[in-house]
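Novice: Take a look at the following structure, please.
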Amino acid sequence: MGTALRKERRSFTLSHESLEYLEREQQERKAPSASSALDDILQERKREFEQQQLQAAITSYYDSISDDERAENRAWGAFAESQIQPERD
């Protein structure tokens, strides 16, 4: 079994409200267990956080470049789009 799939048993104490929420999530997701639903929620949150970090890095990059660099990036983007063949049905 790979490291990404390995699971560890842990014990947590949650509030009544959190447990109710977790049970609702388990039902809505049709998850086999509350642990599975919680793992899904945590993985989704991790992906959201990573996406936010990536967006912040991209924004920071574009905020830091000059207008000339920005124009050059646009020109390269337009060129790349012109090279893509449209899909046909």
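Novice: Have a look at 60, 18 and point out the one that is outside any loop (DSSP other than H, G, I, E, B), surrounded by fewer than 11 Cβ atoms within 10 Å (Cβ to Cβ), over 17 Å from the mean Cα position of the chain (by Cα) and modelled with pLDDT of 95 or more.
Specialist: The match here is 60.
Novice: Being modelled with pLDDT of 95 or more and either touching a Lys or Arg at 6+ places or on another chain (Cβ under 6 Å) or closer than 15 Å to residue 42 by Cα (or both) is the filter here, so list the residues in the stretch 1-13 that pass it. Step through it out loud before you land on a result.
Specialist: Narrowing the stretch 1-13 to residues modelled with pLDDT of 95 or more: 13.
If the condition is that a residue be modelled with pLDDT of 95 or more and either touching a Lys or Arg at 6+ places or on another chain (Cβ under 6 Å) or closer than 15 Å to residue 42 by Cα (or both), then no residue fits.
Novice: Return only the number of the condition from (1) of a type in the set (A, V, I, L, M); (2) surrounded by 10 or more Cβ atoms within 10 Å (Cβ to Cβ); (3) part of a helix (DSSP H, G or I) that residue 80 does not satisfy.
Specialist: (2)
Novice: Name every residue in the stretch 28-41 that is part of a helix (DSSP H, G or I) and either surrounded by 10 or more Cβ atoms within 10 Å (Cβ to Cβ) or modelled with pLDDT under 95 (or both), in order of residue number.
Specialist: 29, 34, 35, 36, 37, 38, 39, 40, 41
Yes/no matrix, rows are residues, columns are (1) in contact (Cβ under 8 Å) with a residue 12 or more places away in the chain; (2) touching a Phe, Trp or Tyr at 6+ places or on another chain (Cβ under 7 Å); (3) under 30 Å from residue 73 (Cα atoms):
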{"residue": "18", "(1), (2), (3)": "no, no, no"}
{"residue": "22", "(1), (2), (3)": "yes, no, no"}
{"residue": "27", "(1), (2), (3)": "no, no, no"}
{"residue": "42", "(1), (2), (3)": "no, no, no"}
{"residue": "52", "(1), (2), (3)": "no, no, yes"}
{"residue": "56", "(1), (2), (3)": "no, no, yes"}
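The values are calculated or read from the model by the stated rules, or taken from the named source; none is laboratory data. These numbers come from a predicted model, not from an experiment. Neighbour counts run over all protein chains shown; Cβ positions are idealised from the backbone, glycine included.
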